[in-house]
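Below you'll find the structure, written out as structure tokens, and then a few comments.
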Amino acid sequence: MNTSRLLGRAATATAVVAGTLVVAVPAFAHVEVESETAQALAANATVTFTAEAESTTAGLAGFQVVLPEGIAPADVALADAPAGWTLAATADGYTVGGPALAPGKDAVYKITVKQLPDAGELVFKTLETYGDGRIDRWIELPKAGTKPEHPAPTLKLAAAAPGAAPIGTPSVAPTGATPSASGAPSAPATPSVPAAPSAPATAAAPATASGAPGVTAASPSAAATASAGDSSSAAPIALGVAAVVVLAAGGAWWWRRKRSGSG
């Protein structure tokens, strides 16, 4: 008799404690975020969002997300989502959604980010919408070590890989600023010395044994001109000598005739 009463009391106490625990721990349907490439400066990273449905009368229909600093709306693309869902960029993030899912069905979608920023964690504040118009705001951040009831999805990032750099920023110094092996810069800072001018005409003027063209001192036309000048100057002299000879001969003839007549 006493044993039965003790067992009954124990069962009642257990039920009360269990009921108290169930009431004390509310069940919140969080929006979780994860990535296989959760590393700072990771390029083309796929980020997955999972939203737990908590309504038994309406299904999840869409999300509005505010992107963390360092990710531009134009750098986000939809990688995977429920059938009929699409993504559209907004001023500070994006919206993704479509036909409402069945009540109680979790929503899972993925985005591709061009490059994750150089940060320790990324916060994606999210507004969750159901097919009946209900909106849950997952935008709260921890304060003073307390856990918020509607925390914003947060992705923890590992440190960037060695040598990683933001896309579009050179990871090494430009080649023009890199010194060569000899210690001198590969691209000289002083202007290059202009090429030496071609040899002046006076250097090519003297005659050569090979008779290079353009040398006037050895050209055939000059020699012919010189010869013609000598011939033309000798002709008058020859004529003068002949005239003197003729006159002398005539004078001698006239003198002989006159002398023979007088005798």
Q) Is it the case that Val113 is at pLDDT 95 or above and touching a helix residue (DSSP H, G or I) at 6+ places or on another chain (Cβ under 9 Å)? A) yes
(Q) Going through Gly98, Gly62, Gly84, Gly93 one at a time, which residue ends up being of a type outside the set (Ser, Thr, Tyr), touching a Phe, Trp or Tyr at 6+ places or on another chain (Cβ under 7 Å) and closer than 24 Å to Gly133 by Cα? (A) Gly98
Q: State whether one or more residues within the range 51-63 are under 15 Å from Thr154 (Cα atoms) and at pLDDT 95 or above.
A: yes
Q: Pull up the range 101-154, narrow it to residues that are among the basic types (Lys, Arg) and touching a Phe, Trp or Tyr at 6+ places or on another chain (Cβ under 8 Å), then point me to the one that is surrounded by the fewest Cβ atoms within 10 Å (Cβ to Cβ).
A: Lys110
Q | Checklist (1) under 18 Å from Thr46 (Cα atoms); (2) touching a helix residue (DSSP H, G or I) at 6+ places or on another chain (Cβ under 8 Å); (3) not polar (S, T, N, Q) applied to Ala91, failing item | A | (1)
Q. Any chance the range 75-97 includes a residue that's in a helix (DSSP H, G or I), without any contact (Cβ under 8 Å) to a residue 60 or more places away in the chain and surrounded by fewer than 18 Cβ atoms within 10 Å (Cβ to Cβ)?
A. yes
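The values are calculated or read from the model by the stated rules, or taken from the named source; none is laboratory data. What you see is a predicted model, and the numbers here were worked out from it, not measured in a lab. Neighbour counts run over all protein chains shown; Cβ positions are idealised from the backbone, glycine included.
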